[in-house]
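Accompanying notes for the structure given below.
The values are calculated or read from the model by the stated rules, or taken from the named source; none is laboratory data. On a predicted model such as this, the values are computed, not experimentally measured, just so you know. A quick note on method: Cβ atoms are made from the backbone with ideal geometry, for glycine too, and the neighbour counts reach across all protein chains shown. Areas reflect the complete protein model, heavy atoms only, side chains present, ligands, DNA and RNA absent. Shrake-Rupley method; radii C 1.70, N 1.55, O 1.52, S 1.80 Å.
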Amino acid sequence: MAVTEPTVSADAPPWRDGGGVPPARQGSFGEGAAAHGAEGILRRQSSRESSARTYARSLPIVPVRARGLTIEGADGRRYLDCLSGAGTLALGHNHPVVLEAIRDVLDSGAPLHVLDLATPVKDAFTTELFATLPKELADRGRVQFCGPAGTDAVEAALKLVRTATGRSGMLAFTGAYHGMTAGALEASGGAQDVRVTRLPFPQDYRCPYGVGGERGAELAAHWTESLLDDPKSGVPLPAGMIVEPVQGEGGVLPAPDAWLRRMRALTAERGIPLIADEVQTGVGRTGAFWGVEHSGVVPDVMVLSKAIGGSLPLAVLVYRDDLDVWEPGAHAGTFRGNQLAMAAGAATLAYVRENQLATRAEVLGARMLAQLGELAGAYGCVGD
């Protein structure tokens, strides 16, 4: 969405506190050079990059600067960024506290690559992370640093519960999305050949039972319970259940609180570890710091990525200590010690917590839903 001018405070520089864009840097990335080279950059991208590229196909812009809500393209136009790095930019682009945290590490001379060695930066990050977690999990938690993408943390979660239980099957849900690597795709909605049992995810608009509401959620829970307890269902006791507190790619569908509590009870009663995929729902986006907090559910495993790195690549697994049966090196990754991401992530987590940005998201979300509801009532083309 292109905008002519961002709205900023009259008594603050336009690039401060998330408004506007910072002053242009001169040189090869200056306005003139970028503007003249934009067409060539786009042409070379089209000829060199994989056909798997996505956003670049429909957004023919060359971003050169960004701050807060806005991106400036090489064409000089400013755009509102409604995607926020697919949920990665909890504080928007180039927030001052994030930039300061990164600069502090760079200026300190600290190593940028340390594999899984302990560092003051990592210690500060894990301390801040554990301060935000549900208390029951934090008190007994272990953290596994994974490769830099969320899908690697999902792979680690699947491996962890399979190792801990000695079982192999998994429970997942229709419409789920957990990443693009092989194991994560098996648990996602578009899988073709899988060793994962797909369960109905409740929703109102396209309820799998055609009724929606509490009744639809109750039927979905009943089906899950029946599948687990029927010795002739063809589904042996699984290694774990993985669920998104809000399905993202499935249509932005919040899990009903009562239903999610039922899934927690069903899995706990049968010794099935519950994995909450909080890659997209974490760090305040849903109106709570973590999506599971709406229902009061405490999972056995939480998969975390995107916003926890403060815009830089970082992914971790947090899980209950009795599941910690890894052998040394059972799950590793060359870039699991990303110091800049840990510094940016710690600053982001602290800023969101101290400034109660989850509460702000809840207030703004309620306002937007009310106004969108009015539009849905006025326009028949809006389904939900």
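Quick notes on this one:
- Cα-based radius of gyration of the range 182-267 once divided by 2.2 N^0.38 Å, which approximates compact folds: 1.08
- Calculated on alpha-carbon atoms, Rg and Dmax of the chain in Å: 22.2, 70
- Area of Glu136 that stays accessible when all protein chains are in place (1.4 Å probe, Å², to 10): 120 Å²
- Accessible surface for the range 113-373, divided over its residues, is 44 Å² per residue with a 1.4 Å probe.
- The range 113-373, accessible surface, carbon-and-sulfur percent (1.4 angstrom probe): 54 percent
- Burial ranking of peptide ranges 368-380, 301-313, 330-342, 268-280 (average Cβ count within 10 Å, highest at the top): 301-313, 268-280, 330-342, 368-380
- Relative contact order (percent, whole number), the chain, Cα cutoff 8 Å, 6+ residue spacing: 19 percent
- The residues neighbouring Ala176, those whose beta-carbon lies less than 9 Å from its own, together hold a net charge of -2 under the Lys/Arg +1, Asp/Glu -1 convention.
- Sorting His93, His113 by solvent-accessible area of protein heavy atoms yields His113, His93, largest first, with a 1.4 Å probe.
- Protection proxy ranking of 255-264, 145-154, by the mean of other Cβ atoms within 10 Å over each peptide's residues and highest first, is 145-154, 255-264.
- Residue by residue, the range 106-111 carries 3J(HN,Hα) couplings of 4, 6, 6, x, 5, x Hz when phi is fed to the Karplus relation 6.51 cos²θ - 1.76 cosθ + 1.60 (θ = phi - 60°); x denotes Gly or Pro.
- Taking amide H as placed 1.01 Å from N in the peptide plane, Phe173 has its amide H under 5 Å from the amide H of Leu199, each at least 5 places away in sequence or on another chain.
- Probe 1.4 Å - accessible area at Trp223, Å² to nearest ten: 120 Å²
- Accessible surface, 1.4 Å probe, highest first, among residues Ser188, Ser46: Ser46, Ser188
- Label-to-label distance, nm, for residues given as Arg142 and Thr54 (7 Å Cα→Cβ offset): 3.3 nm
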